[in-house]
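**Student:** After the structure tokens below, expect a handful of questions from me.
The values are calculated or read from the model by the stated rules, or taken from the named source; none is laboratory data. Because the structure is a prediction, the values reported are computed rather than measured. Cβ placement follows ideal geometry from the backbone for every residue including glycine, while neighbour counts extend to all protein chains displayed.
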Amino acid sequence: MSRRTSSSSGGAASRPELREKFVSIYSAFLRGDDPSLDKRNFWEELFLLKVNVSYLEKALDEQSREQLLKLKPAFNVIFARCAATLSSDNQPICRVNALQTLCVLVRCIFRKLSGVDIINVLVGFERAVTEMQVLIGNISSILLEPKQASLKNLTFKFLLILVSAVDNISQNKMLEYLMGNNIFEPLSQILSTPEDRDHAYDCVVLLTFLLNYRKYESANPYIPKLSVLDNELVLNGLGVVISGVLSTVNRKHAAEMSASPGWLGSISSWVGGMFVAGDEVKEHPREAHSIILLSLYEAVHLNRNFMTILTQTHAQVPASPITENSSPAMARMLTGSSSSDATAKSIAEPVNLLGAFLTSASISMQDIKEGISGARARLCLNILTCICEDQYANAFLHDANMGFPVQLYKAPRRHRMVKEQAAVTSKPLACAILELVTELMLTHMCPKIQIELYSKCLGIIHRLLCYQKRCRIRLAYDWKGLWNALMSVGNFLSQNDKTLLQRGNVLDLATQDKTKCFITNSLAAARTATDLEKHVAWTNG
């Protein structure tokens with residue numbers, strides 16, 4: 001009896017460990033074998049299996065660079081089969097599993113390899129053009145298909161992984177194939193179709209990435225296509241997404257401002273935060289805010305027709321790209337709450353896109369230090385510069401009959417503790433812009449002054465004043481604040497010239513400031529329309 005027991009236990013010990021079929025197949029591929037040989041329906045059966053993402057990522061991460069290069073034939077076969085499986089002739093479950101496999105392959109191989117090695121290992125130089133053409137063609141078909149929400153979500157996930165796999169997007173060689181076989185038309189249709197509005201946020205982010213691929217080095221086909229785009233439905237879809245994200249960021253900041261504790265509460269929160277785990281730190285919408293600001297810049301910089309979208313007021317913030325259809329992490333990142341809370345707050349007051357941008361810009365300009373915060377502030381000023389250069393936008397900004405209440409946030413200072421924001425009144429948006437740049441100039445005068453930002457602020461003021469002078473517009477604005485700001489900048493530059501000259505050329509900035517002071521003082525002195533006409537006639541000489 002004991003002999004049988006020992007025999008059975010010995011047999012169990014020598015029996016090979018059971019593994020799921022997906023793991024067994026990919027283990028064979030990673031050993032250099034080809035389990036698909038002499039198996040007619042091998043790939044159809046493989047893509048019916050659920051993708052074990054955790055195993056596949058771990059197995060690929062364990063491979064060294066040299067091992068990945070040796071496994072090039074296996075990866076080429078897998079990539080080609082995945083690309084072909086995305087065809088509409090296959091079952092939806094097969095297409096989903098093929099996309100998940102591509103996501104894991106691209107993400108893991110980009111971690112280990114760089115440059116042209118990625119193309120060689122994933123696709124192979126000899127068939128790269130053909131295979132990528134098949135892949136992009138099938139992806140375009142998926143994006144153009146009606147419905148198929150989950151499949152489109154996964155498609156955008158794959159594309160976003162592909163375009164954001166490298167920190168410097170211009171070094172991503174895989175994007176050359178998205179330039180030769182561009183997907184601008186499918187992206188445009190998604191933005192213009194209300195049924196596909198759930199994917200609009202991912203669509204805008206993807207388009208922004210593609211627009212910035214080697215934009216100053218070679219011909220980017222997405223730039224001219226966006227420049228000549230005049231489809232109002234597409235532009236309106238783009239505007240809805242941008243205003244939705246900006247409004248969500250503004251509401252979150254307003255909630256934080258209203259819930260901010262006093263000095264004692266701040267100290268208590270800081271001490272308590274010392275004992276909180278790192279994964280419990282509250283997420284902030286910085287990434288979403290930055291990418292949407294870049295999207296807005298590309299729109300106003302490249303497409304003149306988008307200026308009409310800036311003037312539109314949307315009845316509500318779109319919930320789909322930001323809250324309802326997003327993952328719980330994305331909803332928390334943008335709202336600071338759970339997805340259910342975000343859905344409940346998705347309906348907001350009517351919002352004007354330009355007004356929402358000015359509010360978010362006032363939040364960004366409170367911190368203009370070097371790094372992401374400084375880049376965001378520069379981006380906001382670049383957007384304002386593009387807007388103030390446009391004739392149609394200027395007419396809207398100065399229209400006395402088109403007043404909007406714009407909430408501008410101000411940072412607390414030693415002589416001005418901002419406890420509660422003042423009541424917002426409706427006024428032309430040009431007043432809000434002047435107030436915004438004035439606040440930035442007054443609150444950031446220090447030995448480490450950022451000359452570039454001050455030059456942009458003065459340029460914005462100059463453009464607005466030139467339009468008012470040319471069109472003989474008397475803006476109902478308190479010019480004293482702007483006049484004091486310009487004088488303060490001039491005094492600061494003159495008193496710290498030796499220190500500031502070491503940081504850059506402040507002479508151009510001083511010249512700009514002197515010119516703006518003269519123009520502003522002259523306009524402020526023109527109390528009536530008659531005086532303004534006399535001033536304009538005298539200036540024209």
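**Student:** Across the stretch 81-96, what is the number of residues that are touching a helix residue (DSSP H, G or I) at 6+ places or on another chain (Cβ under 7 Å), in a loop (DSSP other than H, G, I, E, B) and of a type outside the set (A, V, I, L, M)?
**Tutor:** Residues meeting the conditions: 2.
**Student:** Criterion first (surrounded by 21 or more Cβ atoms within 10 Å (Cβ to Cβ) and within 17 Å of the chain's Cα centre (by Cα)) does VAL240 satisfy it?
**Tutor:** In short, yes.
**Student:** Since GLU131 meets every condition but one in (1) within 26 Å of the chain's Cα centre (by Cα); (2) among the charged types (D, E, K, R); (3) crowded, with 17+ Cβ neighbours inside 10 Å, which condition does it not meet?
**Tutor:** In the conditions (1) within 26 Å of the chain's Cα centre (by Cα); (2) among the charged types (D, E, K, R); (3) crowded, with 17+ Cβ neighbours inside 10 Å, GLU131 misses (1) alone.
Yes/no matrix, rows are residues, columns are (1) outside any helix (DSSP H, G or I); (2) modelled with pLDDT under 95:
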position	(1), (2)
ALA12	no, yes
LEU18	yes, yes
SER36	yes, yes
PHE79	no, no
VAL104	no, no
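**Student:** Just the residues that are farther than 18 Å from VAL204 by Cβ and exposed (fewer than 14 other Cβ atoms within 10 Å of the Cβ), please, taken from the stretch 146-162.
**Tutor:** Result: PRO146, LYS147, SER150.
**Student:** Moving to a separate point now. Go through the stretch 45-72 and count every residue that is free of Cβ contacts under 8 Å to residues at least 24 places away in the same chain and either of a type in the set (A, V, I, L, M) or within 20 Å of GLY32 (Cα to Cα) (or both).
**Tutor:** Qualifying residue count, the stretch 45-72: 4.
**Student:** Could I ask something else about it? Any idea which of ALA165, ALA219 is assigned to a loop (DSSP other than H, G, I, E, B), among the hydrophobic types (A, V, I, L, M, F, W, C) and surrounded by fewer than 16 Cβ atoms within 10 Å (Cβ to Cβ)?
**Tutor:** Being assigned to a loop (DSSP other than H, G, I, E, B), among the hydrophobic types (A, V, I, L, M, F, W, C) and surrounded by fewer than 16 Cβ atoms within 10 Å (Cβ to Cβ) holds for just one of ALA165, ALA219, which is ALA219.
**Student:** If you take the residues in the stretch 443-472 that are surrounded by 19 or more Cβ atoms within 10 Å (Cβ to Cβ) and of a type in the set (A, V, I, L, M), which one is farthest from LEU429 (Cα to Cα)?
**Tutor:** Checked the stretch 443-472; the qualifying residue farthest from LEU429 (Cα to Cα) is ILE449.
**Student:** Please tell me if GLU126 is surrounded by fewer than 17 Cβ atoms within 10 Å (Cβ to Cβ), closer than 23 Å to LEU235 by Cβ and acidic (Asp, Glu).
**Tutor:** no
**Student:** Something else about it: Mind checking whether some residue in the stretch 97-112 is aromatic (Phe, Trp, Tyr), surrounded by fewer than 21 Cβ atoms within 10 Å (Cβ to Cβ), touching a residue at least 12 places away in the same chain (Cβ under 8 Å) and in contact with a Phe, Trp or Tyr (Cβ under 8 Å, 6 or more places away or on another chain)?
**Tutor:** Within the stretch 97-112, none of the residues are aromatic (Phe, Trp, Tyr), surrounded by fewer than 21 Cβ atoms within 10 Å (Cβ to Cβ), touching a residue at least 12 places away in the same chain (Cβ under 8 Å) and in contact with a Phe, Trp or Tyr (Cβ under 8 Å, 6 or more places away or on another chain).
**Student:** Now for a different question. Is one or more of the residues making up the stretch 241-255 in contact (Cβ under 8 Å) with a residue 40 or more places away in the chain, in a loop (DSSP other than H, G, I, E, B) and of a type outside the set (Phe, Trp, Tyr)?
**Tutor:** no
**Student:** Hey, another quick one. So, in the stretch 80-115, how many residues would count as being within 27 Å of the chain's Cα centre (by Cα) and among the hydrophobic types (A, V, I, L, M, F, W, C)?
**Tutor:** 11
**Student:** Quick test of your reading of the structure: VAL77 fulfils all but one of (1) under 32 Å from the mean Cα position of the chain (by Cα); (2) more than 18 Å from ALA165 (Cα to Cα). Name the failing condition by number.
**Tutor:** Only one criterion is unmet by VAL77, namely (1).
**Student:** Would you mention how many residues in the stretch 360-372 are within 17 Å of the chain's Cα centre (by Cα) and under 26 Å from VAL424 (Cα atoms)?
**Tutor:** Result for the stretch 360-372: 4.
**Student:** State whether the residues of the stretch 497-507 include one that is buried (at least 18 other Cβ atoms within 10 Å of the Cβ) and modelled with pLDDT of 75 or more.
**Tutor:** Checking the stretch 497-507: not a single residue is buried (at least 18 other Cβ atoms within 10 Å of the Cβ) and modelled with pLDDT of 75 or more.
**Student:** Continuing with the same structure: Please return the ranges of helices (runs of 4 or more DSSP H) entirely within the stretch 274-393 where 1 or more residues are at pLDDT 50 or above and crowded, with 22+ Cβ neighbours inside 10 Å.
**Tutor:** In the stretch 274-393, 286-302, 307-310, 353-364, 372-388 are the helices (runs of 4 or more DSSP H) which contain 1 or more residues that are at pLDDT 50 or above and crowded, with 22+ Cβ neighbours inside 10 Å.
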